Structures are given as C-alpha cells and as structure tokens.
Amino acid sequence: MTTTPTAAGRTATGRTDAPTRREQILKEAARLFAERGFHGVGVDEIGAAVGISGPGLYRHFPGKDAMLAELLVGISERLLDGGRLRVGEADGDPDALLGALIDGHIDFALDDRPLITLHDRELDRLKDEDRKRVRQLQRQYVELWVTVVAELYPDASRSEVRTAVHAVFGLLNSTPHLDTVGRRSMEELLRRLAHGAFGALGR
C-alpha cells in the first residue's frame, strides 16, 4: 500500500511519526502543484522546498509524474483504508459509525486541502493505469459509505443514498475554496452540514 502523509505525517492507522524525506517531498510537491499547477513547478523547486538538490529527488522518485501518481493513488488508498478501519472498529451503532466516517473525512478535507485541489485539476494527467486505480478506490470508498447510510435510512433507495453520499463529499471537499474560520468552528460547521444532508433522506 502507498502511504501518503497528512500535514502531521499521520497514516490511515492514525499513527503520527516524524515524516520521512520521501513524505516531505510528497507534501511539498502537493503544495506546489496545487498552488501553481503540475507544469508550473520544476523538480529543482520541489528539491529546494525540502532542502535537497533537484537531482537528489531522483533517489526517491523517477520524476514528477511518479510524485503525482503516488499522491493521488495514495490519498485514495488512505481514505479507503481509514474508512474500513472505522467500520472494523464499530460497535454495531450505525449512527456512531457514520459520525466516525464524517469526522475522518473532515480531517482529510482540512488537513489535505492541496490534495483536493490536485485531484480536481490534475487527475487526467495520470497514466491510464493509475487513473483507473484512483477511480476504483474511490468507488469502493463511496460504496462503504453507502452501506452505512443505507442502514440508517432503509426507506431511501440505493440511488438516493448514493446521491446523498456524493453530495456530502462535494460539500466536505469544498474546503480549498473556503476561508479559514478556525479549526474547531470549521469542523463543527462541516459536521452539521453533512448530518443535515443525510437527514434529508428521512427515517
């Protein structure tokens, strides 16, 4: 599995270790790609951001394309792994499980804003194999949520539930376009909006 770090070096299992040099490179590459676009950033600039020469990056990655692939495939893997972990730790309370899924995605949306921007702008630059892998992982992540939400709202059709899940993802993933109003305030706002969107399905 590819491990893509958050800003604090946290993995899907929630461990927080000091980021490796490879993780530092990925973090800075994501930031720069999101700010200026994939083609607007050179290898030398990424190297300078982590304190090594541009050619030194080739000890870790064969090129920018490999960095982009690892960032986008990696975050899709991490979201799915994190969701599965929460399902595996659930105590049978679907309300609590949905809350845990929402909180986990909110953490991603606030901690990894550059990756959201990168996905929106640069996904089509991936090789077909990597792009298909991202799409496959995303479908599995959506279906994991659909299963949980469908249990809470049994009167809603599968199509309605899936639409609601996509709507909530769109809402939570809007964070790159929002002003920062404080971490806790933003978390609470996103949490209330997500629960409200699912609540529209009725019980």
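The values are calculated or read from the model by the stated rules, or taken from the named source; none is laboratory data. This structure is a prediction, so every number in the text was calculated from the model and none was measured. Using ideal geometry, Cβ is built from the backbone for each residue, glycine included, and neighbour counts are taken over all protein chains shown. Accessible surface is based on the protein model in full, side chains and every heavy atom, while ligands, DNA and RNA are left aside. Shrake-Rupley method; radii C 1.70, N 1.55, O 1.52, S 1.80 Å.
Within the range 144-170, restricting attention to residues that are without any contact (Cβ under 8 Å) to a residue 40 or more places away in the chain and buried (at least 16 other Cβ atoms within 10 Å of the Cβ), the residue that is nearest to Asp93 (Cα to Cα) is Ala150. Specify which of the listed residues (Glu45, Glu35) is surrounded by fewer than 17 Cβ atoms within 10 Å (Cβ to Cβ), modelled with pLDDT of 85 or more and touching a Leu at 6+ places or on another chain (Cβ under 7 Å). One residue alone meets the criteria, Glu45.
Residues of the range 80-98 being surrounded by fewer than 19 Cβ atoms within 10 Å (Cβ to Cβ), in contact with a helix residue (DSSP H, G or I) (Cβ under 9 Å, 6 or more places away or on another chain) and in contact (Cβ under 8 Å) with a residue 24 or more places away in the chain, which ones? Arg84, Leu85, Val87, Pro94, Asp95 - these are the residues of the range 80-98 that are surrounded by fewer than 19 Cβ atoms within 10 Å (Cβ to Cβ), in contact with a helix residue (DSSP H, G or I) (Cβ under 9 Å, 6 or more places away or on another chain) and in contact (Cβ under 8 Å) with a residue 24 or more places away in the chain. Considering only residues in the range 175-200 that are surrounded by 14 or more Cβ atoms within 10 Å (Cβ to Cβ) and not aliphatic (A, V, I, L, M), the one that is farthest from Ala90 (Cα to Cα) turns out to be Pro176.
Does Leu72 satisfy being buried (at least 18 other Cβ atoms within 10 Å of the Cβ) and closer than 28 Å to Ala194 by Cβ?
On the way: buried (at least 18 other Cβ atoms within 10 Å of the Cβ): yes; closer than 28 Å to Ala194 by Cβ: yes.
Yes, satisfied.
Here is a check on your reading of the model: is Arg113 within 15 Å of the chain's Cα centre (by Cα) and over 23 Å from Leu32 (Cβ atoms)? Against the criterion (within 15 Å of the chain's Cα centre (by Cα) and over 23 Å from Leu32 (Cβ atoms)), Arg113 does not qualify.
Of all positions in the range 115-128, none carries a residue that is on the phi > 0 side of the Ramachandran plot, of a type outside the set (Asp, Glu), open to solvent by 60 Å² or more (accessible area, probe 1.4 Å) and at pLDDT below 95. Every condition in (1) farther than 30 Å from Gly199 by Cα; (2) open to solvent by 10 Å² or more (accessible area, probe 1.4 Å); (3) out of contact with any Leu (no Cβ under 6 Å at 6 or more places or on another chain) holds for Gly104 except the one numbered (1). Listed by first and then second residue, the pairs with beta-carbon distance under 6 Å, at least 6 apart or on different chains, first residue in the range 56-79 and at pLDDT below 95, second surrounded by fewer than 18 Cβ atoms within 10 Å (Cβ to Cβ) and of a type outside the set (Phe, Trp, Tyr), are His60/Arg22.
Screening Thr175 with (1) closer than 30 Å to Lys64 by Cβ; (2) at pLDDT 95 or above gives one miss only, at (2).
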